[in-house]
Amino acid sequence: MPLSERENFLRNVSFEGPEWMPCHVAISAASWLQWRGEMEEVVARHPVLFPGFRQGERDFDHLDPGPAHRHGELFTNAWGCVWRSEIHGLEGQVVHHPLADWSALDSYQPPDPALRADRGPADWEGARRQLSRTRHKHEVAWGYVPHGFLFMRLFYLRGFDNFMADLAQEEPRLERLTQLLVDHNLKLVRLWLSLGVDAMSFGDDLGSQRASVIGPRHFRRWIRPAYEALFQPCRKADVHVFLHSDGYIMDIMDDVLASGVSIINPQDLVNGIDDLAREVKGRVCIDLDIDRQSIVPFGTPKEIRELIEEEVRTLGSPAGGLQMVCGIYPPTSPENVDAVCSALEDFRTYWSAHRP
């Protein structure tokens, strides 16, 4: 009998020989709005990657990408950060920082995660029902904290320039603010753990194009202890910790992994395929973020296939430990999305077919 999605995922993360490589293609609202029916035709050809997809269900004339993704809208989230998006369907950026002046910290109150999510009301009863359906289908039960839960939240609240100055000057109030974020996120983590999840998803973009945004010394001082406080309760509960980061993070990778990560989601070409193979492969599961800057949006289908094949061969193994995700953003064409999907379908069983 074939493995369920959940069993296969757990085997892959634990290097116990999965039947296939988990893989996922995430199409942004901006790309859906750009290509509409053409993108639907591609998705319909790949039911392995898009199970349950039904062509024609989307009303593209009234597709709402959600708060902080609507062009020109100023949206204030539960933390008092004001977001503005310049491209409809892509997340914008924070243009007002509620703690830009440290004097606001004394009266500042974070949202209660039991009642409010970042961009709307919390619905823990709905989450419980959804997890029950997920378990019934033998799929992976995920919990999550909002993207930008700690490092990015610090500069959302303070402003990027202010936050960089805080790090350089060892600003004492930064300790208090960081602990406030840890306490908030720990409540979220405990709520998810109480629902019996298999894995917790965290996302914090720590890298720029050529180096981490926060250097190793400051990462160890400010971020790693906070990550450990959030990740270790998950690991003690036998719940896997997934951490996503955009950008180059090889200079802080050892500290990132030591904080309790069991699945790391780095970008491929920015960090280097060979460097990831040398420094990360076999230590934790790699959920590889397939290039979204050059080859996928601008390359040929042949180049896309060759990239994915190289990554599978270099970073995978018969034991598992590799999964892949590709985010689709403008101007990526439906033809190139089709090439991504076809390559993932072809190579998802590469290592299981080569198992002794």
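Viscosity 1.306 mPa s, temperature 10 °C: give me the Stokes-Einstein translational D for the range 112-190 in µm²/s, with Rh taken as the Kirkwood radius over C-alpha pairs.
On the way: Rh = 14.6 Å.
Once the numbers are plugged in, D ends up at 109 µm²/s.
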request  = Would you mind ranking LYS281, LYS302 by Cβ crowding within 10 Å, fewest neighbours first?
outcome  = LYS302, LYS281
task = Mind jotting down a quarter of the surface of the convex hull over the alpha carbons of the range 1-136, in square nanometres, one decimal?
result = 12.4 nm²
ask   = What residues from the range 87-128 fall in the zone where the backbone N is under 18 Å from a label point 7 Å along the Cα-to-C-beta line of LEU63?
value = 87-92
task = Just the Kirkwood number for the range 5-353, please: inverse of mean 1/r across all distinct Cα pairs, in Å, one decimal.
result = 21.3 Å
request  = Could you calculate, for the range 23-92, the ratio of the Cα radius of gyration to the Kirkwood radius, expressed as Rg to Rh?
outcome  = 1.06
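Taking the Cα centre as origin and putting +1 on Lys and Arg beta-carbons and -1 on Asp and Glu beta-carbons, what dipole magnitude results for the chain, to the nearest 20 debye? Don't skip to the end; give the middle numbers.
Working: 37 positive and 52 negative charges, 204 e Å.
That gives the chain a dipole magnitude of about 980 debye.
Using the number of other C-beta atoms within 10 angstrom as an exposure proxy, rank PHE75, PHE53, PHE151 with the fewest first.
Details: PHE75 16, PHE53 12, PHE151 23.
Lowest to highest Cβ neighbour count: PHE53, PHE75, PHE151.
When VAL182, VAL189 are ordered from fewest to most other Cβ atoms inside 10 Å of their Cβ, what list results? Before the final figure, lay out each step's value.
Values: VAL182 18, VAL189 26.
Lowest count first: VAL182, VAL189.
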key: Extended-chain gain in nm, criterion 0.36 nm per residue less alpha-carbon gap, ARG129 and GLN169   = 9.7 nm
query = In terms of Cα to Cα distance under 12 Å, which aspartates and glutamates are near enough to LYS137, apart from those fewer than 8 places away along the same chain?
reply = GLU5, GLU7
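Please report the equivalent ellipsoid semi-axes of the range 57-211, computed as sqrt(5 x eigenvalue) of the Cα gyration tensor, largest first, in whole Å.
Square roots of five times the eigenvalues give 29, 22, 15 Å.
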note = Among ILE273, VAL197, TYR248, the residue whose Cα sits farthest towards the positive end of the charge dipole of the range 159-282 (+1 at Cβ of Lys and Arg, -1 at Cβ of Asp and Glu, taken about the Cα centre) is VAL197
query = Between the range 319-356 and the range 75-95, how many Å separate their Cα centres?
reply = 31 Å
note = Per-residue ellipticity at 222 nm attributable to helices in the chain (runs of n ≥ 4 DSSP H, -39500 (n - 2.57) apiece, nearest 500 deg cm²/dmol) works out to -11500 deg cm²/dmol
key: Geometric extent, Cα atoms of the range 202-334 - Rg, Dmax (angstrom)   = 15.2, 45
inquiry  = Report the per residue volume, in Å³, of the convex hull enclosing the C-alpha atoms of the range 274-356.
reply    = 83 Å³
ask   = Given springs between every Cα pair under 10 Å in a Gaussian network model of the chain, which of PHE50, PHE155, PHE219 has the largest fluctuation?
value = PHE50
key: Inter-site label distance for VAL48 and ARG210 at 7 Å from Cα along Cβ, in nm   = 4.0 nm
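All of the numbers you see were taken from the coordinates with simple rules; none came from a lab. Nothing here was measured: the structure is a model prediction, and the numbers come from that model. Using ideal geometry, Cβ is built from the backbone for each residue, glycine included, and neighbour counts are taken over all protein chains shown.
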